[in-house]
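S.K.: Structure below; questions to follow.
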Ligand code: NDP
């Protein structure tokens, strides 16, 4: 079977790719299981060299990978280049890991007690369509560095860069079977990762509902699981903040990648004393946000991923109080203008649910306590920002907001050397940084007796 891959900027078919069934998925998992003993036995320095070589090969193909992502996912060319570069950087970062997976020696009587960070075996990685390259890399790179083999399922809508990365891995000398791309449906390929006993860990990024079903499925074999799920992150602007800077950055913090970003700061909380002033600053920043053909170097936002997703996003705006909107191209493709909605209450559907589109919901708050209460009034806890010049308040609010990552006077979310992941229903486990690596290992404790 094959699946057509669509260019979301035009609605035209780009190409078609294989969509694997259960037997083919099982064959890939079994190849990965057979490749595991040799891969885990590769000397740490040699595994590091192979990962660095893979990074160099990715670096030689940045433009090609970026172009694929522009056409397959509608990402702006600027973002797509950053994303391909992120895979390279993550490879270089974790290339330092094989030689640093250092266990402990624990004092005991009568012998020697040491711990080892053992690889798990085959790791199954399920990638969504919103950031196909980085999310793939955040999973497969530390998994390989720790000595596991990997089967990776890209989203059906956006398989092209993952398939290319699989080819580049072979070109770089990663042995056959160690890193395989298994394109196909979540309900078939992804489910097989959950049920096949040779897969020892599943890393999933996507919707909270599917994440819950994967976690439930993995329980049957007590399979390890990492989940990166939805978000409804708050952007909290206090009256004492640099309002111009906060307003200038707010559109990018939610409309980047057309809002299809689990870190999107999609709930804007503004202190009531500066609410009108802040909206007046925000309006020109939104109306000048450049929604263009994503291959145009000036584009800040491209189309949504699919016609169906555009309908879903539109359903949140229908009947809501629109404060103001930007513009988007007419014609073919799944375009949607950046849109700012005024929340009537915290019960509004667009305030509570992850829209995953270029839609920002705004609500005023009275004081610090009110801001924290509103920020935490969600089942999610992934990301967020707060803007203030008061250092004490920055620390108090940072500690009180239930979220895995928070930026003060900034909208940045992700650095590959710092941990990323969610609290509450936004996920389980951490990606990136040193923490992620240990998530691809089990600790083994060995006692060696001195004799008697
Ligand atoms: P899904 O959660 O359905 O898909 C994410 C990935 O999981 C895809 O590779 C998908 O495969 C796979 N998958 C789907 N069902 C299963 C299953 N039963 N077992 C194993 N794998 C499965 O997200 P959608 O694409 O449907 O998007 C829906 C919403 O989810 C978005 O609007 C957004 O709100 C949220 N989302 C959040 C993301 C995040 O980064 N946190 C990323 C993507 C979506 P397939 O290719 O067949 O779809």
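S.K.: Here is a list: 102, 106, 135, 126. Which entry is at pLDDT 95 or above, out of contact with any helix residue (DSSP H, G or I) (no Cβ under 6 Å at 6 or more places or on another chain) and within 16 Å of the ligand (Cβ to nearest atom)?
M.R.: The conditions single out 135.
S.K.: Search region 427-452 for residues being touching a helix residue (DSSP H, G or I) at 6+ places or on another chain (Cβ under 8 Å) and either in the same structural domain as residue 385 (by TED's automatic domain parsing) or not in a loop (DSSP other than H, G, I, E, B) (or both), and hand back the single one that is farthest from the ligand (Cβ to nearest atom).
M.R.: Result: 437.
S.K.: So in region 301-330, with the set limited to residues that are in a loop (DSSP other than H, G, I, E, B), surrounded by fewer than 21 Cβ atoms within 10 Å (Cβ to Cβ) and modelled with pLDDT of 95 or more, which one is farthest from the chain's Cα centre (by Cα)?
M.R.: Out of the qualifying residues, it is 319.
S.K.: Out of all the residues in region 355-371, which are under 25 Å from the mean Cα position of the chain (by Cα) and either in a helix (DSSP H, G or I) or surrounded by 24 or more Cβ atoms within 10 Å (Cβ to Cβ) (or both)?
M.R.: Hits for region 355-371 are 355, 356, 357, 358, 359, 360, 361.
S.K.: Among all residue pairs at least 6 apart or on different chains, which show Cβ distances below 7 Å where the first residue, located in region 211-239, is farther than 21 Å from residue 420 by Cα and outside the structural domain of residue 252 (by TED's automatic domain parsing) and the second is within 14 Å of the ligand (Cβ to nearest atom) and in a helix (DSSP H, G or I)?
M.R.: 217/194; 217/195; 218/194
S.K.: Which one is farthest from the ligand (Cβ to nearest atom), of the residues in region 195-206 that are in contact (Cβ under 8 Å) with a residue 40 or more places away in the chain and part of a loop (DSSP other than H, G, I, E, B)? Let's see the steps before the verdict.
M.R.: Initially, region 195-206 is screened for residues in contact (Cβ under 8 Å) with a residue 40 or more places away in the chain, giving 196, 198-206.
Retained after the next criterion (residues that are part of a loop (DSSP other than H, G, I, E, B)): 196, 198, 206.
Details: 196: 12, 198: 16, 206: 3 Å.
So the residue we want is 198.
S.K.: Return the residue satisfying two criteria in turn: it lies in region 174-194 and is near the ligand (Cβ under 10 Å from one of its atoms) and either without any contact (Cβ under 8 Å) to a residue 40 or more places away in the chain or part of a strand (DSSP E or B) (or both), and of such residues it is surrounded by the fewest Cβ atoms within 10 Å (Cβ to Cβ).
M.R.: Among those that are near the ligand (Cβ under 10 Å from one of its atoms) and either without any contact (Cβ under 8 Å) to a residue 40 or more places away in the chain or part of a strand (DSSP E or B) (or both), it is 187.
S.K.: Related question: Does any residue of region 78-85 turn out to be touching a helix residue (DSSP H, G or I) at 6+ places or on another chain (Cβ under 7 Å), in contact (Cβ under 8 Å) with a residue 24 or more places away in the chain and within 16 Å of the ligand (Cβ to nearest atom)?
M.R.: yes
S.K.: Considering only residues that are farther than 25 Å from residue 254 by Cβ and either near the ligand (Cβ under 9 Å from one of its atoms) or under 14 Å from the mean Cα position of the chain (by Cα) (or both), look in region 208-241 and name the one that is surrounded by the fewest Cβ atoms within 10 Å (Cβ to Cβ).
M.R.: Among those residues, the one meeting the criterion is 213.
The values are calculated or read from the model by the stated rules, or taken from the named source; none is laboratory data. For clarity, every value in this text was computed on a predicted model and none was experimentally measured. For neighbour counting, all protein chains shown are included, and Cβ atoms are generated from backbone atoms with ideal geometry for every residue, glycine included.
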